[in-house]
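The values are calculated or read from the model by the stated rules, or taken from the named source; none is laboratory data. Just so you know, these numbers come straight off a predicted model, no measurement behind them. All Cβ positions, even for glycine, are placed from backbone atoms using ideal geometry, and neighbour counts span all protein chains on display. Heads up: the accessible areas ignore ligands, DNA and RNA and are worked out on the full protein's heavy atoms, side chains in. Shrake-Rupley method; radii C 1.70, N 1.55, O 1.52, S 1.80 Å.
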Amino acid sequence: MSDSFDRAPEQTRPQRALPSSQDKIPQQNSESAMAKPQVVVAPVLMSKLSANAPEFYPSGYSNYTESYEDGCEDYPLSEYVQDFLNHLTEQPGSFETEIEQFAETLNGWVTTDDALQELVELIYQQATSIPNFSYMGARLCNYLSHHLTISPQSGNFRQLLLQRCRTEYEVKDEAAKGDEVTRKRFHAFVLFLGELYLNLEIKGTNGQVTRADILQVGLRELLNALFSNPMDDNLICAVKLLKLTGSVLEDTWKEKGKTDMEEIIQRIENVVLDANCSRDVKQMLLKLVELRSSNWGRVHATSTYREATPENDPNYFMNEPTFYTSDGVPFTAADPDYQEKYQELLEREDFFPDYEENGTDLSGAGDPYLDDIDDEMDPEIEEAYEKFCLESERKRKQ
């Protein structure tokens, strides 16, 4: 069959039919006006297919495993791990099917202290620099902590990971009051630590599975650092962390007879009353207090089903939709500059093409939809906010 790829097909000569006995063969006459018919030969197309062509990979296909098997001299550890992390970022659903092979490959490759340190740093950087990878990074860390066989004197994978987190933790106070870039990096670390607390499993000698107590203590101190510097982005990070871990933290503290969550809620009330944060952030903090008062939105299985409304579900307003700016940055109604970003989104998508043209309002006066648009606070929220402030002030005076 291969000969058919290597040998080009021969050109076939045109065959002319032999004349029969009844046919008259015309005499050749150079001066005759009748010329002999011209036979047109169809061109033969040469195929460009080859049995020796390189193997084809579809666009977006990740071949990090095959590249490693071809030889690790041309495929260093850092590149292999980074390719896998990028692959997980683009296709998080492949975690279950490919993590086992990834761990087996690392066990044959990560055999020194330096290699293990490099592995920890690569995963940490990916989890704290790529949006929405903190959860996947925490799951990856948990799996590798139980399946990597190397355990050098400097510490195993989990110990080196916690040491790396401690390095960032020790500068929490400076980071919380740093510039915008520093705070943004600090917030990514805080949320990754929250995911680690929920996903990193510690197996005891008797087989019981627990969470790392050191992370619980660390999260408590990180919240203190955020509330001690009540800038809008710090407070938003604190709310995200409490929405993520608040129910688990409070359950754990209650089991130990601690009142840390009560102290945090009191801290939030003080911020709402005294801090110079934006109104939107204060509303965000109030919604968090309501969420906690509803047992963090957890519903008992025995309760009958009711359609969620703002009146019967304190968690109703927490399920805000996520929008994206022209730069691809996500934002929700909880962000301080939500109104500005949302207006920009409306203008970009041209949801109201007839509203304004050449500076002229085409909707006309008294438009029923536009008349409903109001920048004022919702009356129920305003009433609840005033009631909360009065109640908090009364408690403070007691």
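Quick notes on this structure:
- Condition met for I268 (open to solvent by less than 80 Å² (accessible area, probe 1.4 Å), closer than 23 Å to R292 by Cβ, over 26 Å from the mean Cα position of the chain (by Cα) and β-branched (V, I, T)): yes
Let's see how each residue does on (1) outside any loop (DSSP other than H, G, I, E, B); (2) open to solvent by 10 Å² or more (accessible area, probe 1.4 Å); (3) modelled with pLDDT of 95 or more; (4) at positive phi:
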site	(1), (2), (3), (4)
I214	yes, yes, no, no
E221	yes, yes, yes, no
A238	yes, no, yes, no
L273	yes, yes, no, no
C277	no, yes, no, no
K282	yes, yes, no, no
N295	no, yes, no, yes
R298	no, yes, no, no
T304	no, yes, no, no
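- Selection from segment 164-203 of residues that are within 19 Å of the chain's Cα centre (by Cα) and open to solvent by 30 Å² or more (accessible area, probe 1.4 Å): K184, R185, L191, L198, N199
- Of the helices (runs of 4 or more DSSP H) that lie entirely inside segment 73-155, those containing 3 or more residues that are surrounded by fewer than 18 Cβ atoms within 10 Å (Cβ to Cβ) and under 14 Å from the mean Cα position of the chain (by Cα) span 77-90.
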